[in-house]
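Let me begin by presenting the structure, written as structure tokens, before commenting on it.
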Amino acid sequence: MLELYQFELSQYCEKVRLILDYKGLAYRKIEVVPGVGQLDLFRLSGQRQVPVLKDGDTYIADSTEIAFYLDRKYPEKPIVPTDPVERGMCLLIEEWADESIGIKGRTAFIGAFAQNQNFRTAFLPKETPDFLKTLLGSVPAELIDILGTGVGLGKEAIKSAKIGLQQDLEALTLILSSRPYLVGDRPTLADLTVAAHSILLKFPAGSYFKLPEELQGKGIPGLGDQGAYDPFFSWRDRLYREYRQTISPQMPSDNDSPTSINIE
């Protein structure tokens with residue numbers, strides 16, 4: 001079985017999961033422990049960053065390289081068009097989504113986590129004592145902003161990311177107002193990449209991730225709750241309903257908790 005070394009809320013890992021589900025390929029998720037697990041992963045694959053896909057004795061790093069590998073190795077339900085113009089558009093949109101929605105979405109998500117108390121505490125396990133929830137929720141946003149500025153995630157960086165994402169969502173909403181998919185008449189790598197990167201802007205409603213139930217269908221204030229972008233998120237949610245597998249305890253691809261990697 002295919003094995004995916006991943007972080008659960010990484011959009012780049014979600015891109016690979018969505019491709020695997022679209023192609024109907026069985027796989028097992030291996031949640032990598034930040035730090036020690038990444039060192040183990042480096043020994044295996046030469047890559048510290050996830051996602052990394054293992055297929056037999058072959059390790060493939062980087063979400064785009066994994067996508068190309070899967071299309072070559074498992075050609076049923078292809079995701080990269082053969083028509084030259086459609087192929088060019090598909091690859092262009094995929095690269096744009098990785099570099100624009102992917103990076104800016106992560107920045108905006110961290111900003112919402114820092115600045116919104118309810119959003120912050122919603123990620124805590126249900127069994128977390130109330131006093132710890134109160135403690136985390138009471139951390140001043142100004143303090144988090146100061147800490148974030150030191151690593152390029154201050155208030156101005158977050159504001160700039162949200163402005164860019166508003167333009168991205170407007171463009172996608174306009175394009176999808178007159179067509180079912182971004183390129184051609186069936187889902188391609190462009191659609192799957194854009195949909196995956198949008199999860200941090202607004203989580204799909206459904207059990208697709210290990211996420212507090214109350215966050216399903218919720219999004220970043222100012223992005224995921226804007227009616228102007230509803231057509232885009234409705235399109236994204238349709239893709240998820242049709243192709244993305246939901247989590248269940250019986251799924252072989254679902255690990256309960258982060259694990260270190262066994263070196264073979």
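The values are calculated or read from the model by the stated rules, or taken from the named source; none is laboratory data. Note that the structure is a prediction, hence the values are computed from the model and not measured. Backbone-built Cβ (ideal geometry, glycine too); neighbour counts: all protein chains shown.
Computed quantities for the displayed model
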{"quantity": "Evaluation of residue 156 against (1) in contact with a helix residue (DSSP H, G or I) (Cβ under 7 Å, 6 or more places away or on another chain); (2) of a type outside the set (S, T, N, Q); (3) at pLDDT 55 or above (one fails), failing number", "calculated": "(1)"}
{"quantity": "Residue count, the stretch 78-93 (criterion: surrounded by 12 or more Cβ atoms within 10 Å (Cβ to Cβ) and farther than 21 Å from residue 21 by Cβ)", "calculated": "6"}
{"quantity": "Cross-chain or 6+ apart pairs with Cβ under 6 Å, the stretch 51-79 first and over 23 Å from residue 32 (Cβ atoms), then surrounded by 17 or more Cβ atoms within 10 Å (Cβ to Cβ) and of a type in the set (Val, Ile, Thr)", "calculated": "71/79; 71/80; 79/188"}
{"quantity": "Hits in the stretch 48-105 - residues which are polar (S, T, N, Q) and under 18 Å from residue 14 (Cα atoms)", "calculated": "49, 63, 64, 100"}
{"quantity": "Subset of the stretch 50-82 (residues that are touching a Pro at 6+ places or on another chain (Cβ under 7 Å) and not aliphatic (A, V, I, L, M))", "calculated": "63, 71"}
{"quantity": "All positions within the stretch 174-199 that are surrounded by fewer than 17 Cβ atoms within 10 Å (Cβ to Cβ) and aliphatic (A, V, I, L, M)", "calculated": "174, 175"}
{"quantity": "Residues (touching a Phe, Trp or Tyr at 6+ places or on another chain (Cβ under 7 Å), modelled with pLDDT under 95 and either under 14 Å from residue 79 (Cα atoms) or surrounded by fewer than 21 Cβ atoms within 10 Å (Cβ to Cβ) (or both)) located in the stretch 4-30", "calculated": "8, 9"}
{"quantity": "Residue 57 acidic (Asp, Glu) and modelled with pLDDT under 95", "calculated": "yes"}
{"quantity": "Residue in the stretch 203-214 that is of a type outside the set (Asp, Glu) and part of a helix (DSSP H, G or I) present", "calculated": "no"}
{"quantity": "Condition check for residue 48: of a type in the set (Lys, Arg) and modelled with pLDDT under 95", "calculated": "yes"}
{"quantity": "Residue 219 under 23 Å from residue 94 (Cα atoms), surrounded by 13 or more Cβ atoms within 10 Å (Cβ to Cβ) and at pLDDT 95 or above", "calculated": "no"}
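Every residue, every condition in (1) at pLDDT 95 or above; (2) closer than 21 Å to residue 230 by Cβ; (3) crowded, with 21+ Cβ neighbours inside 10 Å, yes or no:
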position: 166; (1), (2), (3): yes, yes, no
position: 172; (1), (2), (3): yes, yes, yes
position: 201; (1), (2), (3): yes, yes, yes
position: 213; (1), (2), (3): no, no, no
